[in-house]
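Structure first, then comments.
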Amino acid sequence: MFFETSPKVRDLQARLAAFMEQHIYPNERRYFDEAERLGPWKVYPVVEELKPLAKAAGLWNLFLPPSHYRPGLLNFEYAPLCEIMGRSLLAPEVFNCNAPDTGNMEVFLHYGTPEQQARWLTPLLAGEIRSCFAMTEPAVASSDATNVESSITRSGDEYIINGRKWYTTGATDPRCKISIFMGKTDPGNRNRHLQQSMILVPMDAPGVTVVRAIAVFGFYGVPDRASEVVFDNVRVPASNLLLGEGRGFEIAQGRLGPGRIHHCMRLIGLSERMLELMCKRTLSRVAFGKPIADQGVTRERIAEARIAIDQCRLLTLKAAYMMDTVGKKAAKAEIAMIKVAAPNMACKVIDWAIQAYGGGGTNNDVGLASAYATARMLRLADGPDEVHRNQIAKLELAKYG
């Protein structure tokens with residue numbers, strides 16, 4: 001496989017890197033301060049101030065695949081750009097390339113009707129509204145999506161929706177206007193993968209209550225506006241159903257593939273940033289008569305971090321290339337492998353950076369704590385390690401069965 005970026009991508013890389021240096025890194029401290037002071041129920045002014053600059057620089061919606069909306073970028077082309085954005089937790093939303101909106105926009109793009117696209121996709125692409133994805137539930141093991149218990153019941157020209165969801169990213173954001181909700185329309189179907197459907201639920205619909213913001217390792221709003229949401233006899237038009245009854249699992253798999261690889265791309269960039277911090281810190285600090293960088297254990301960790309980051313990058317590029325050339329289904333093993341490898345690698349690299357900073361590594365002055373919270377969370381988001389490892393093993397064993 002020959003990994004070479006095109007002139008178009010190299011140009012975008014240079015422009016993105018320059019934007020990060022000029023606008024993102026200098027504003028990170030302000031971003032964390034606003035998130036802590038304002039909390040997860042408010043809009044952070046720094047993000048809104050930087051978005052027009054990103055639009056004006058032509059660095060907006062870079063995640064978007066080729067479609068009638070724009071030429072777009074392939075997964076392989078987007079990977080190095082997403083890596084650059086991943087270096088800062090502030091960056092993705094500034095460029096309108098943040099989860100869960102990217103995944104939701106792809107759902108509208110691939111599965112939405114023209115009317116749904118006009119009402120929801122267009123303002124999402126413009127960054128005028130936000131969205132959330134209501135799938136995970138507190139009462140069941142949601143790592144098995146067929147466990148979802150929420151109900152979507154037909155009543156004439158409407159569906160009635162009931163359920164309790166949590167870790168619904170973005171629901172506390174006052175700009176969040178639409179939820180993609182997963183529930184069961186046919187709980188008695190013998191095929192468990194045909195029981196679920198997905199439906200669009202406006203967040204201002206009667207019966208929708210955002211109960212609380214959920215802290216992720218003590219962080220509210222950064223790195224994730226995790227939320228608990230109750231849907232109590234919510235009525236929406238039958239036309240809000242996506243694709244049709246029983247198609248929910250199909251949509252989920254189509255949505256989560258790109259979402260998983262985007263997470264891995266960003267984690268590679270975040271890990272690179274952490275390695276840079278570790279190197280600079282250990283070169284500047286002296287302990288026991290010499291720079292910490294001269295200690296053997298430090299050099300081992302730096303070497304191992306370099307190896308691990310490059311391994312994950314190559315594996316992620318391979319997965320992206322396969323998604324573009326043979327499709328997401330054929331690349332499911334590669335997607336599962338990177339979803340295990342990248343978060344575990346990032347956790348290890350960030351942990352070593354924390355060690356290099358000592359006690360100061362446990363606060364968030366340079367973003368180490370929020371970086372670790374992000375990486376650790378992503379060992380669970382979009383499927384935990386155990387589920388992906390199980391799938392990888394099954395696919396491997398099938399070669400010899």
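Taken together, the values in this text are just the output of simple stated rules run on the coordinates, not laboratory data. No experiment lies behind these values; they were computed from the predicted model shown. Glycine gets a Cβ as well: all are built from the backbone with ideal geometry, and neighbour counts include every protein chain shown.
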For this session: Kindly express, to the nearest 10 degrees and within the range 0 to 90, the angle between helix 296-325's C-alpha long axis and the longest C-alpha principal axis of the chain.
Result: 40 degrees
Exercise. Just one of (i) 29; (ii) 55; (iii) 21 is percent of Cα pairs over 37 Å apart as worked out from the coordinates here. Which one is it?
Worked result: (iii)
For this session: Could you point to the residue in Thr113, Asn233, Leu270 farthest towards the positive end of the chain's charge dipole, with +1 and -1 charges on the Cβ of Lys/Arg and Asp/Glu respectively?
Result: Leu270
Exercise. Between rounded, prolate and oblate, where does segment 62-111 land on the alpha carbon gyration tensor, with a ≥ b ≥ c its root eigenvalues, rounded for a/c under 1.5, else prolate if a/b exceeds b/c?
Worked result: oblate
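Taking the Cα centre of the chain as the origin, how large is its charge dipole in debye, to the nearest 20, when only Lys and Arg (+1) and Asp and Glu (-1) carry charge on their Cβ atoms?
Around 540 debye, computed over the chain.
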Problem set entry | Crossing angle, helix 385-397 versus the chain [Cα axis fit, 0-90 degrees, rounded to tens] | 80 degrees
Exercise. On full extension of the chain, what length is gained from Glu115 through Gln22, given 0.36 nm per residue of separation minus the C-alpha to C-alpha distance?
Worked result: 29.6 nm
For this session: Round to a whole angstrom and tell me the spacing of the C-alpha centers of segment 68-123 and segment 254-276.
Result: 14 Å
For this session: For segment 14-92, run through the trypsin sites (Lys or Arg not before Pro) and keep only the ones in DSSP coil with at most 15 other Cβ atoms within 10 Å of their Cβ.
Result: Lys42
Seminar exercise, completed: Given Cβ charges of +1 for Lys and Arg and -1 for Asp and Glu, the option among Val297, Leu124, Trp352 whose Cα lies farthest towards the positive end of the dipole of the chain is Val297
Exercise. Separation of segment 381-401 and segment 14-53 by C-alpha centroid, Å?
Worked result: 38 Å
Problem set entry | trypsin sites (Lys or Arg not before Pro) within segment 349-401: DSSP coil, no more than 15 neighbouring Cβ in 10 Å | Lys399
For this session: With a/c under 1.5 counting as rounded, go ahead and sort segment 130-245 into rounded, prolate or oblate using the C-alpha gyration tensor (a ≥ b ≥ c being the square roots of the eigenvalues; past the cut-off, prolate if a/b is larger than b/c, else oblate).
Result: oblate
Problem set entry | the chain: angle of helix 248-284 to the longest principal axis, Cα-based, in degrees nearest 10 | 20 degrees
Exercise. Can you give the extra length, in nm with one decimal, that the chain gains between Asp186 and Glu386 once fully stretched, where that is 0.36 nm per residue apart less the Cα-Cα distance?
Worked result: 69.2 nm
Exercise. Among 215-227, 172-184, what's the highest-first ranking by average C-beta atoms within 10 angstrom per residue?
Worked result: 172-184, 215-227
Exercise. Convex hull over the Cα atoms of segment 249-397, averaged projected area in nm²?
Worked result: 9.6 nm²
For this session: Highest first, please rank the peptides 185-193, 234-242, 94-102 by the mean number of other Cβ atoms sitting within 10 Å of their residues.
Result: 94-102, 234-242, 185-193
